[in-house]
Amino acid sequence: MLRDDDPPERRIEKLRRINDVLIGRIDRLEESRGSAWSMFQAAVALEQEVLTRTRQLEKALADLSQRNRELAVARASAEEANRSKTRFLRAASHDLLQPLSAARLFLSALSDTGMDDHQQELAGRLSGAFESVEELMHAVLDISRLDSQRIEFHRQPVPLGDLFRRLAAEYAPLAEARGLRLRFVPTAAVVESDPVFLRRIAQNLVSNAIKYTQRGGVVVGVRRQGPICWLCVHDSGVGIPAVDRNRIFDEFQRLGNDSGAPGMGLGLSIVRRACNKLGHPISMTSEAMRGTLFRVGLPAVTDGAGAARADAPGAAVRSLRGRVALVVENDAGMRRGYELVLTDRLGMVARATGGTAEAVAAMGEEPPDVILADYHLEQGDTGVHAIQTLRARAGRPVPAVMVTAHRDPDIARACATLGVSLMEKPVRPDELAEILGRILA
């Protein structure tokens, strides 16, 4: 505090100190006010940044929503395209397999006539060409169906002995033509599986084994291990190199050690797909120059359950002579093919008709021994309707066989309900004879 009686020097010193203090306060005040201003400016800048980022995020979310909508539309289009592909394949399979079935029946009838060596060679080459076309078509249809998410399987007891007999009749000529021994070990084992796809699995394994075996033979049998029956297909081929074992189940893969083997390399791909869908484990072991063994694990059913002992194929065919078969088929070529095979080869009496009404008129008062009906007839008529109508007219469940090119679960269910055997096109005369002999035995 300044006093009037202080000396000037003292008063000046006190004023200097007071001035310094005031200046210090002013500096601190300015610093404080500058910090607050900086904070305010920083807050404003942060708010602007948040608004900018928010607008960017909203735009990104809008873009993502648009992309999701586009993806949903693309997915729906792809699913519809896949369904259209499936419908097309189903329709095309019927239209393509129908003339192929007729051609096979005519070729079989031609082979039963007297021919010179040149004609027999031509017939054999034609038969081989039909086999290749049929195999490729079945492969494409099998892959399409196995890739479908809506596939249905019909698991039931399957006697492996019956399956072996059908495969032996089917592949014995191919093995004989290649100079190989084909042996099916007799078995009474019964397994649980889808009979159609189990047969396709076995067909592809046996066919593949024969194609890639140059000498020796192929043995097919069953080995029981606890609750599992292992379907075993063992060949004496050159084996599968280790570098190829991971790719042989892929599409269009063929071993380089036999480029002359026929086929498109789809058989094992179908086997893997079918086994995965059915839950059947599959394994493969191979040894150089000692062959290859494929094994498929199948859940066993009590031995003998559902397994009716079939007669020998020759006896079954002989039992058909003189029996009456009522054919319901709208395609004229197929009708004529059935007539030739049933009459000339099997010695049966064939009554060929084009639909349900015509079949009822042809039956008269005497029911046939067996009905052979195509599923797709004219103007909405079906083989199911034909069989039901003919059975009602006969007053008893006449044995019947349904023939179709469509692997439709609804058709399989309808046949199971009616107790009707189901046969896929193209029709093989030997298989037809085996089925007719079994159901009429």
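Every read-out reported here was derived from the displayed coordinates using simple, explicitly stated rules and does not represent laboratory data. Quick caveat, the model's predicted, so the values are computed rather than measured. Note that we place each Cβ from the backbone using ideal geometry, even for glycine, and neighbour counts take in every protein chain shown.
Taking only the C-alpha atoms of the range 153-301, Rg followed by Dmax gives 14.5, 41 Å. Among 156-168, 280-292, 414-426, 108-120, the peptide with the highest mean count of other Cβ atoms within 10 Å heads the list, and the full ranking is 156-168, 414-426, 280-292, 108-120. The gain in end-to-end length when the Val185 to Leu122 segment is fully stretched comes to 19.3 nm, 0.36 nm per residue minus the alpha carbon separation.
Relative to the present Cα-Cα distance, how much length would full extension add between Arg69 and Phe40 at 0.36 nm per residue of separation?
Numbers: separation 29, 0.36 × 29 = 10.44 nm, distance 4.31 nm.
Taking 0.36 nm per residue and subtracting the Cα distance, the gain is 6.1 nm.
Computed from the Cβ-Cβ distance with R0 of 25 Å, the FRET efficiency linking Asp112 to Leu440 stands at 0.75. Straightening the chain between Gln225 and Glu79 buys 48.3 nm, computed as 0.36 nm per residue apart minus the Cα-Cα spacing.
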